[in-house]
Amino acid sequence: MFPPGFSGLRGPQTPIFGPDAEVCIDSDQFVQPFFLCEPPEQVRFFMVLFCLSAAAGLILHHGSASRYYSWFAQANMPHNKVRGMAYNACKAYGIFPIPELSIPGFHVVGWCLVGSILLACHPGLAPRFFLFLSIPLYFLYFGQLFCESKHGGHGSLLLPSVFLLLALSGGPRSTPWSLVYVKIFLGIIYVAGALSKLGVSVWFGQRWCGSTMQAYLIDAMWSRPHRRSWVRAIQGFCVKRWYICSFLALSGLGFELCWLPVYMLGGHWGATIAGAVAFSFHLGVDVLQGLDFKPFWCPIFWVFLPDVQAILTGVPEAPWTEVVAQGFEEEPFRSSLSALYLLVQIVVSLGFFDIQDKECLPFTCCPMFALPRNMFGDETRAGVMTDFNLRDGGWMDMAYNFSPWHKKMPLDQASMNELPGKMMVWMNSEKYSDVIAHFLREEALGQELLMQANFEVSPKLSEAISQFLKFLGDCNAEDWANSEKVQEALDMQEHCQQLFREDALLARSSESEADGDLKKPLTRAVDRSTGALLSFFGLLK
């Protein structure tokens, strides 16, 4: 028996753990076992799929994350003195600092995060508690990997927000209004990316069009060359054709701008199409630019399964507006908290917080690739080459960050020498915008060629890069649409990369020989000591 007013609570004889454990039922009582309350069936189905997918991504990439952090935590560079979100190591929500973890602590937090996410899948084990627990564990774990090639950047930023919105969902008899909030939150993120591109384009007085897409694709061919020759052939095919670059640019911008209206106005068909297009978009970005959003972003697309089911079964469901309205009637407090969370994301998007150095991740205005570009025009040109693959996990990602000439966390020569692979970065800053000047040190501006590497750069490679820059400097801005000029630039790029591979291989060979020479005296000394010891015991004649 429960005391008066507490009829919805578990009795002491009711098992919390086990298949027969009861779940709370929404009631008019003020006190309810919130953490033990099972969500609606559709929400629970999405929660299980989302959490299993996120946990699988964590497990699959923990090896590379572990290898990276074992190196990073002991590297003698300023970057490992801070922890935070994305490449600027900002505080969680712009408020909460993220502490530095030891290497064993990193492993403990990582596996605790996996365990917490998996335990949230079981309806009898307080799923809301484990969803809430996963949020600080997320920031602790991913905050150590802010500049890692797979876990850093914006690819994982949806996780804590989805955890929170799911944890605030209604009870078992409630409508699945939290799924609507998850979809709208995703749509706001996409719209924010489009608004950032349009806003920066207006600020620059330059169109965000095909030349921009071409420049970012060629950037990826410098820093993230694909292993497969057929992918590199597709990249080359695209960048040489202005109409393909223009289509990719405008369709990507249209996707971000129209995604939310299509979902909100298109019913189940609109939601299904929006989810499929978004998933395809991220797969294309992965192939063409080497930015992998599959492990920690794409699990959110399970949220569209109810829409697919409604189409296949022909069973109509209430429109999202009615679902949200009914959810507010059923759980006004939780529904209001969820709506407030979305409102903050809208404010951050419209205020362009990231662009104004007011980052409060995971809230973001998604300014990635917002800068309009034309590599054949008057712009700052730069490139990164490595002998390790930034498409994989386990490496420090310096494709657009941490150059030796950045104001914030520059990768100086001593830090570059700490890298586990060979790397070279170059830049021509004769022409620069106010935005670029904001990120670079003053002495790095107006320079014909800046170059830094953690190996001895051959004169051939240095000359090849100079010739590449001279070729682009002699071109006109309209030449981005000239397939012959683009092909010539690609040939020169491939020549530079071939010379880089030769220099990097030669540097590694020289280091191996030097290590071997250092080990020979030690080996001879060990051999003499071992021989003397064996002779003493009569085991060696």
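Taking Cα atoms, how many degrees apart are the long axis of helix 103-119 and the longest axis of the chain, rounded to 10 and kept between 0 and 90?
Helix 103-119 sits at roughly 30 degrees to that axis.
Report, in listed order, any pair from 240/408; 91/431; 294/485; 81/358 with a Cα-Cα distance greater than 30 Å.
240/408; 91/431; 294/485
If you put +1 on each Lys and Arg Cβ and -1 on each Asp and Glu Cβ, how big is the dipole of the chain around its Cα centre, in Debye rounded to 20?
960 debye
Give the Debye-formula value of log10 I(q)/I(0) at each listed q (0.17, 0.28, 0.30 Å⁻¹), with one equal scatterer per alpha carbon of the range 433-480, two decimals each.
-0.74, -1.03, -1.05
In whole Hz and in residue order, list the ³J(HN,Hα) couplings for the range 132-139 that follow from phi through the Karplus curve 6.51 cos²θ - 1.76 cosθ + 1.60, θ = phi - 60°; x for Gly and Pro.
Whole-Hz 3J(HN,Hα) from phi for the range 132-139: 4, 5, 5, 5, x, 5, 4, 5.
Mind checking which aspartates and glutamates have their Cα closer than 14 Å to the Cα of residue 183? Skip sequence neighbours fewer than 8 apart in that chain.
Partners found: 256, 307.
Can you give me the long-range amide H partners of residue 369? Hydrogens built in the peptide plane at 1.01 Å from N, cutoff under 5 Å, separation of 5 or more residues or another chain.
none
Karplus couplings for the range 306-320 from phi (6.51 cos²θ - 1.76 cosθ + 1.60, θ = phi - 60°), rounded to Hz, Gly and Pro as x?
Result, rounded to whole Hz: x, 5, 5, 4, 5, 5, 5, 8, x, 8, x, 10, 5, x, 5.
For 111, 405, what's the largest-to-smallest order of accessible area, 1.4 Å probe?
111, 405
Rounded to two decimals, what is the ratio between the C-alpha radius of gyration of the range 318-390 and 2.2 N^0.38 Å?
1.81
If I compute solvent accessible area with a 1.4 Å probe over the protein chains, what percent of it on the range 159-253 is carbon and sulfur?
Carbon-and-sulfur percentage of accessible area, whole number: 65.
Just how much of residue 492 is accessible, in Å², when a 1.4 Å probe is used and the result is rounded to the nearest 10?
Around 40 Å² of this residue is reachable by solvent.
By its C-alpha gyration tensor, with a ≥ b ≥ c as the square roots of the eigenvalues, how is the range 219-341 shaped: rounded for a/c under 1.5, else prolate for a/b larger than b/c, else oblate?
The shape class here is prolate.
Given the chain, what whole percent of its Cα pairs are spread farther than 31 Å?
Beyond 31 Å sits 54 percent of the P(r) for the chain.
Does the range 62-131 come out rounded, prolate or oblate by the C-alpha gyration tensor, with a ≥ b ≥ c the root eigenvalues, rounded set by a/c under 1.5 and, if not, prolate when a/b is larger than b/c and oblate if not?
oblate
Let me check something: with ligands and nucleic acids excluded, how do 47, 409, 451 order by accessible area (1.4 Å probe), largest to smallest?
Ranking 47, 409, 451 by accessible area, largest first, yields 451, 409, 47.
Mind pulling the angle between the C-alpha long axis of helix 332-350 and the longest principal axis of the chain? Nearest 10 degrees, somewhere in 0 to 90.
For helix 332-350, the angle is close to 30 degrees.
Report the dimensions of the range 97-223 along its three principal axes from the alpha-carbon atoms, largest first, rounded to Å.
For the range 97-223, the Cα spread along each principal axis is 55, 43, 26 Å.
With an 8 Å cut-off on Cα pairs and a minimum separation of 6 or more residues, tell me the relative contact order of the range 251-312 in percent.
Reported as a whole number, the value is 34 percent.
Could you work out the relative contact order of the chain? I mean the mean sequence separation of Cα pairs under 8 Å and 6+ apart, divided by the number of residues, in percent.
Rounded, it is 17 percent for the chain.
Considering only 262, 154, 411, whose Cα is most displaced toward the positive end of the charge dipole of the chain, charges sitting on Cβ of Lys, Arg (+1) and Asp, Glu (-1)?
Comparing the listed Cα positions along the dipole, 411 ranks first.
What's the ranking of 86-92, 199-205 by average number of surrounding C-beta atoms within 10 Å, highest first?
86-92, 199-205
Return the long-range amide H neighbours of residue 90 (sequence gap of 5 or more, or a different chain), with a cut-off of under 5 Å between placed amide H atoms.
Answer set, sorted by chain and number: 85.
How large is the convex hull of the C-alpha atoms of the range 374-415 per residue, in Å³?
So the per-residue Cα hull volume is 111 Å³.
Once you sort the root eigenvalues of the Cα gyration tensor of the range 180-223 as a ≥ b ≥ c, which label holds: rounded (a/c under 1.5), prolate (a/b larger than b/c) or oblate (the other case)?
oblate
Helix 210-223 against the longest principal axis of the chain: what's the angle in degrees, Cα atoms only, rounded to the nearest 10?
70 degrees
Please work out the average accessible area per residue across the chain, using the 1.4 Å probe convention, and give it in Å².
47 Å²
Give the accessible area for residue 363 in Å² (nearest 10); use a 1.4 Å probe, count only protein heavy atoms, and leave out ligands, DNA and RNA.
In the full protein context, residue 363 sits at about 20 Å².
The values are calculated or read from the model by the stated rules, or taken from the named source; none is laboratory data. Since this is a predicted model, take the numbers as computed values, not measurements. A quick note on method: Cβ atoms are made from the backbone with ideal geometry, for glycine too, and the neighbour counts reach across all protein chains shown. Heavy atoms of the whole protein, side chains included, go into the accessibility calculation; ligands, DNA and RNA do not. Shrake-Rupley method; radii C 1.70, N 1.55, O 1.52, S 1.80 Å.
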